[in-house]
Structures are given as C-alpha cells and as structure tokens.
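Down below is the structure, laid out as structure tokens.
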Amino acid sequence: MNGHREPRLLIYSQDGLGLGHQRRTTLLADQFLRSCPGASALTVSDSPLGRFFSSSAGHDYCKLPSIRKIGPGDWRPLSLSSSFADVLDVRSAMLRTTVEAFRPDVLLVDHMPHGAMGELLPTLEMLRDEPTAVVLGLRDILDAPGVVRERWRLEGAYEAVERYYDRVLVYGSSDVFDLATEYDWPAAASSKIRYCGYVCAPPPPHVSGPVRSPHRGVNGDGRHVVAMAGGGADAYPLFDALLAAVGPVQQEGRCHVVLVTGPFLPAERQRELVQRAQGLPVDVLTSVSDVPSYAASADLVVAMAGYNTTAEILSVGTPALLVPRPGPSAEQQIRAQLFAERGWVDWLRPQDLSATTLAEAILRGLHGPRTTPVRLPDLAGRVAGTEGLLESLHATRGEPASVGEVRDDAYMLA
C-alpha cells in the first residue's frame, strides 16, 4: 500500500458535538507535519463545523455525515432524515474507500478502537493485509471505570485493540489516571500502551495588554476573569450562574469578565447571555482564535473541565476554577477532582453550582492564598505523541528512526 511517495498519516476522529477530539488531532497532525517535511495528513471526521481549527500546509479534511451520541451505545443522525443504520453504512463505506484511496503509512484512530458503533471494523480488517501501522490515541479519562468496562466488553473494544492495533498512545499520565488499570485492560492490550503526557497547544509568550485592551473597563487596578467551556453545547448553566455572580464579585473589587460561549451553545441562549451582559462589566464572545493567549491574560479562568480546555489552562499557569458538567459522562468530574487533589486547579462540584457558590469560589481564586503544587503536570503529549507516530511511520516504511527528530521550533513547552 505504501510505494515510493511522501509519508502519509490518516486520522479518524469521531468528534460528535464537541471540539476536543478535533483540537487534539489537529495539534498532533501539525506537529507530525513540522517534524516530517513534505508529508501529508488527512483527517476524516464528522464535526458539523468542518475544519474549525486552522492547520498546517499538508493537512486536509474529509467529512462524514454527522451523528450524535445520546447515551452509551445510543447514537442518532444529526442532520440526515435517514435511519441511523443507513447513515452508519454510508460512513463505514466512506471510511474504507478513503483509506483504500489515500493509502496511509499510519492510521491514527482517535478515541474509539472500532469506530462509532463498529463502523471502522471493515477498514481495520482490510488493513490487516497491508503494511499500514494502526495506532489508537486515547485521552486518559473516558468515563467512569464501570461504564467503560461494560461498554468495551459489550462492543468488543478490548478484542479490537488486541487484533488490529500496533500501539496505543494515551494522552495523559499513569500516575494521575492509570487507564490500563482503571479500565481493566488485558495484558496483551496493555503491553501496547505508551503514556505521552497531556496534549496541548504550545503556550504563548506572556500576554496581557493585547488581549485585555479590546475589552472595556479593564485597567491596571481591575481583575480579569476569562470564562470558557470548549464547544459550549451544555455550558449554559455555568454561564447563567456566572452572570448572576458578577454583582457579588464586583462588591469585593473591580473585575471584568470575558465569557467565551463556544460555537455549539444554542443561539437563543447566546442572545440571552448577550442581553443580560448589557450594563455589566462582561463581554460575551462566541469563540476566540487563540485560547491559550486568552487564558494567559486572565487573573482567573473559570471553565468546564474538558480535556483540551483544562490542558491549555495548565500550560499557561493561570489559576483555574473548574466546574465540570454533571453528565451523562463522569469524565469531567473525575478530571476536575484528580487535578484539584494535586493542587493544579480548584473545582466546584456541578451539583453545588449556584450564583452564590460560584461567586465565593471566584473570590477565593482571585484573592485567596496561592499554593505551589508539589509536582507539575506532564504537558509533553504533543511531542511524545508525535514521536510515537513517527516511530510507527519508520517501522512500516522500513526506515531507521531518527533520534530527536520531532521538531518543536517556536513551539517550546513551558
């Protein structure tokens, strides 16, 4: 399948109605292309926003019909009126045809070893007779251990890892959350795991003025709070409580809030927030092009506890207050609690969220004592993950691996 041509990486990313998977895979694709000049990377995904994040030359995008996850094992078409079974057939055929035509050296499967409802299995079976290296990329926390164990057993995910995959890249640290232990991986599958650290964008140079200046009411004697929630589809309860908390926070000193709703917050909710923010020291934005710079500009970030949002906050070192979503997945609550236990963030349980509790937590974050964590998080996942992809590339092409070949020019980790 490989032949004499440029190195090729194909990424399968089932993103649903969020931005996290697309953000992570874009960062890895960009790092791969910087480290392997002249290569090509193709992402196959179903995000309704298409290629939301800008990317490097050499990276393109192929869209599948969008579906959405209602609950564990329960999926529905997002836009098409066809049955889910028909949409799944279309997606499965598109995946196999794309892989056959693109002929990747490395296939990076994001999050689901067999694809949504098994849609990737025909492609994986076809690749068993090809030289393509097949790599699974997983964020460390998927859901509550009991939920993941049950779903992976029912769906045959453990068997898929053992049968089809050459290696598994875990975007996290085993001393924070040991995926293999928590999710009861068999020994054969566990032996393929490499923990990479957390994947995040490179931290920006120190910024405050360029990001603060467009927002009214911010000067040297005021505090600056940035609130964000990734895609924002389920962020309204947090933003609702935040607007109600602005008054009590202001009583303790001047404070300006920049609220970044995310592109998936329903339009009527967005309009409501904009209307309520009038007359308050609050700016409401739908999205920003440079999340790390906004986070770095703040005195405190108030955020949900999605993987990418959290990792990028940690990368800039701004104090953070996390308010995870209440469900249906326990992923965010587990992450917020584990990170808070290590002193990396503060958190507020979603069942405790109110204007009063949020205002109190914000004031603690702005005016309370700072403690230095005993150990900092491992944020090298973008580089370590790319190293794993390049090792797979060289193995499938029969080339010697180059020591220190992952280029991080102007993208240095803190």
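The values are calculated or read from the model by the stated rules, or taken from the named source; none is laboratory data. As the structure is a prediction and not an experimental result, all values here were calculated from the model. Note that each Cβ is placed from the backbone with ideal geometry, even for glycine, and that neighbours are counted across all protein chains shown. What goes into the accessible areas is simple: the full protein's heavy atoms, side chains included, and nothing from ligands, DNA or RNA. Shrake-Rupley method; radii C 1.70, N 1.55, O 1.52, S 1.80 Å.
The distance linking segment 343-405 with segment 242-304 is 23 Å (Cα centroid to Cα centroid, whole angstrom). In this structure, the amide hydrogen of Arg349, modeled 1.01 Å from its nitrogen in the peptide plane, lies closer than 5 angstrom to no residue at least 5 positions away or on a different chain. Taking amide H atoms as placed 1.01 Å from N in the peptide plane, the amide H of Ala227 lies under 5 Å from those of Val258, Leu259, Val260, Val302, each 5 or more residues away in sequence or on another chain. Ligands, DNA and RNA excluded, the heavy atoms of Val274 present near 60 Å² of accessible surface to a 1.4 Å solvent probe.
Highest-first packing order for the peptide set 239-252, 190-203, 311-324 is 311-324, 190-203, 239-252, based on the mean count of other beta carbon atoms within 10 Å. Taking every protein chain into account, the accessible area of the chain amounts to 41 square angstrom per residue (probe 1.4 Å). For the chain, the longest principal axis of the C-alpha atoms and the axis of helix 331-341 are separated by about 60°. Taking amide H as placed 1.01 Å from N in the peptide plane, Cys255 has its amide H under 5 Å from the amide H of Arg223, each at least 5 places away in sequence or on another chain. Hey, what angle do you get for helix 145-155 against the long axis of the chain, alpha-carbon based, 0 to 90 degrees rounded to 10? Roughly 30 degrees between the two axes. Roughly how many percent of the accessible protein surface of the chain is carbon and sulfur, given a 1.4 Å probe and a whole-percent answer? Carbon and sulfur atoms account for 51 percent of the accessible area of the chain.
The accessible-area ordering, largest first, of the residues Thr97, Thr372, Thr261 stands as Thr372, Thr97, Thr261, per a 1.4 angstrom probe.
3J(HN,Hα) couplings calculated from phi for segment 263-270 with the Karplus curve 6.51 cos²θ - 1.76 cosθ + 1.60 (θ = phi - 60°) are, in sequence order, x, 9, 5, x, 4, 5, 5, 4 Hz; Gly and Pro show x. Towards the positive end of the charge dipole of segment 58-173, with charges on Cβ (+1 Lys, Arg; -1 Asp, Glu), say which of Leu64, Leu121, Trp75 has the farthest Cα. It is Trp75.
Around the Cα centre of the chain, unit charges on the Cβ atoms of Lys, Arg, Asp and Glu (plus for the first two, minus for the last two) sum to a dipole of about 680 debye. The loop-placed trypsin sites (Lys or Arg not before Pro) in segment 265-337, going by DSSP, include none that has at most 10 neighbouring Cβ atoms within 10 Å of its Cβ. When the chain is treated as a GNM with alpha-carbon contacts under 10 Å, the residue of Gly381, Gly222, Gly368 showing the greatest mean-square fluctuation is Gly368.
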